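Presented below is the structure to which this report refers.
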Amino acid sequence: METECKLPVHLHGAALDTELEKISRTIGRMLDPDIVTWTGRSAPPPAAETRRAATIIADRHCGATADPIIRNAQEARQLELIGKWLRARGYKVVSRESHRAFDRMAPGTYCFRLNVPVKLKGGGEFVKIPIDAVVMPKKAKSGELPLLIEAKSAGDFANVNKRRKEEAKKAEQLRRDYGPRARYILFLCGYFDSGYLSYEAADGIDWVWEHRIEDLTQFGL
């Protein structure tokens, strides 16, 4: 119905009316009266109101479509920057296929987008946590785990506060399974305010700003 503007071919009469009424009620509950200002009025809305509503909705739809594309492109750029910085210091990239066991990476190697296994809370079942960059320091000692880096970028302050719990959840799962050996940090670019940073710091998560990438040396790289 949405993409082809056609009614279902197998529904007719009263059954079709019933289902369409359900859709209408759902849409009615979701309408924002501050945007669709004519909600509840019997008279048809003026053209200026419908144009305003259509413009706002279109802008939000474009943002919802574009934001993930921009975020993914930013992440790819951040990972390329990390890789360039590591290679300049003699680190070698390895494929994730050849290093499924992240804790057995050779010193002086790194990998992008590697899955780290953790146990589900209260059970023996494993789940995989995707990590953007996994780096084993050159001077890593026996039993040491690689540094786990999460690339994060934000174009505004509002969006980061919706996503900050994701990192806290990952850090909690990693420490529950691997203890204090698990080092998980953020690589930040963009708008991250004191509220976001305080939240992450309270969960024991440290970070490095993209424009201060040399701070990665403080983590043994």
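Read the figures in this text as sums done on the coordinates, not as results from a lab. Quantities reported herein were computed from a predicted structural model and do not represent experimental measurements. Note: ideal-geometry Cβ built from the backbone for every residue, glycine included; neighbour counts use all protein chains shown.
What the table below lists for this structure:
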| item | result |
| --- | --- |
| Kyte-Doolittle mean at least -0.5, axial Cα span of 27 Å or more - DSSP H helices of the chain | 47-88 |
| Charge sum, other residues only, whose C-beta stays under 13 Å from GLU125's C-beta, Lys/Arg counted +1 and Asp/Glu -1 | +2 |
| Correct choice for percent of Cα pairs over 25 Å apart that was computed from the model, options (i) 56; (ii) 48; (iii) 38 | (i) |
| Selected from ARG29, ARG104, ARG181 as most flexible by GNM, with the chain as the system and alpha-carbon contacts under 10 Å | ARG29 |
| Candidates MET30, MET136, MET105, ranked by Gaussian network fluctuation over the chain, Cα under 10 Å, top entry | MET30 |
| Set LYS128/LYS170; LYS84/LYS139; LYS121/LYS165; LYS141/LYS169; LYS141/LYS165; LYS138/LYS170 screened for pairs whose C-alpha atoms are more than 22 Å apart | LYS141/LYS169; LYS141/LYS165; LYS138/LYS170 |
| Student exercise, the chain dipole from Lys, Arg, Asp, Glu Cβ charges, in Debye to nearest 20 | 960 debye |
